[in-house]
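Engineer: Below you will find the structure I want to go over with you.
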Amino acid sequence: TKYLERKFMLKKTFWNGLKIFVPIVVTVAIVVWAFSTLETFFGHLLQLVIPPGYYFKGLGILVGVAVIFLIGLLLNAWVVRKLYDVAERLVQRIPLIKTLYNAVQDLMSYFDKSDKSAEQQSVLVDIGIGKVMGFITCDVLTNLPLLAKDDEVLVYIPLSYQIGGLSVMIKKSAITTIAWPANQAMSFILTAGMTGKK
C-alpha cells in the first residue's frame, strides 16, 4: 500500500511539474524563435549595407522592431494604404500564396484585441441531439446572397484537439450566446472540457 501511495505521489508530483514546465518552455521557445528570425533576416541585410565593425549581435532585432513600427505608422498615410490595397489584391490572385496569406492574416486578426471586427461571439448551437459550442464569425452575410438568408449567421464549430472544424450558416433562433470570451471557449473546446476550466 505504501509503495502504491509513493508511486502515485511521484507521478502526481512529476505531472504537476510538467504542467508548469511545458507552457513556460513552449512560450520561451516561441519568443526566442521570433527574435532569432528578426535577427537572422535583418542581420543579414544589415551586414550587406553597413561596415562589419558597426554591426553587433542584436542589431537585427532592434532594426526589425523599428521597421515593423514604421510600417504601422506608414499605413496611416492614404497613399501607402492605397499601395498596400493594390499589392494585397495582386496577392489574392495567386492561388497558393493567397491561401497562406489569408491564413496568416486571419491568425493575426484573431489576436488583435483592438480590432472589434475580429471579435468572435461564443455560442451554443442546437443540433437536435444536443448542443455544440462555436463562434459567430460573420453576422451579416450580404456577400452570400444566393446561399444565406437574412435570419442566418455564419458559425465556426471547431472540433476537439483541433483536428478540424466546420463553418455553418445557421438560423439565429438555433443559437444561444454564452458569456465566455473566445479564447476561454476555444481552450475548453480544444481539451474537450477535460480540464474542467472555463
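Engineer: So if each residue of separation counts as 0.36 nm, and I subtract the Cα-Cα distance between Ile94 and Ile68, what length gain in nm does that give?
Structural biologist: 6.9 nm
Engineer: Accessible area per residue, 1.4 Å probe, Å², for segment 14-87: what's the number?
Structural biologist: 79 Å²
Engineer: Counting each pair of different Cα atoms once, what's the Kirkwood radius of segment 15-105 in Å, rounded to one decimal?
Structural biologist: Mean inverse Cα-Cα distance, inverted, gives 16.4 Å.
Engineer: Further question: Show log10 I(q)/I(0) for segment 7-64 at q = 0.12, 0.17, 0.20, 0.22 Å⁻¹, two decimals, from a solvent-free Debye sum over equal Cα scatterers.
Structural biologist: For segment 7-64 at q = 0.12, 0.17, 0.20, 0.22 Å⁻¹, log10 I(q)/I(0) is -0.47, -0.62, -0.73, -0.80.
Engineer: So how do 4-11, 169-176, 79-86 stack up, highest first, on mean other-Cβ count within 10 Å?
Structural biologist: Descending packing order for the listed peptides: 169-176, 79-86, 4-11.
Engineer: Another question, then. Could you check how much of the accessible area of segment 1-103 is carbon and sulfur, as a whole percent, using a 1.4 Å probe?
Structural biologist: Solvent-exposed carbon and sulfur of segment 1-103 make up 77 percent of the total.
Engineer: Using 7 Å Cα-to-Cβ label points, what is the Phe41/Val26 separation (nm, one decimal)?
Structural biologist: 2.4 nm
Engineer: Provide, for segment 1-94, the number of lysine pairs with alpha carbons under 19 Å apart, each pair being eight or more places apart or on different chains.
Structural biologist: Number of lysine pairs found: 4.
The values are calculated or read from the model by the stated rules, or taken from the named source; none is laboratory data. Predicted, not measured: the structure shown is a model, and the values here were computed from it. Every residue, glycine as well, gets a Cβ built from its backbone with ideal geometry; the counts of neighbours run over all protein chains shown. Heads up: the accessible areas ignore ligands, DNA and RNA and are worked out on the full protein's heavy atoms, side chains in. Shrake-Rupley method; radii C 1.70, N 1.55, O 1.52, S 1.80 Å.
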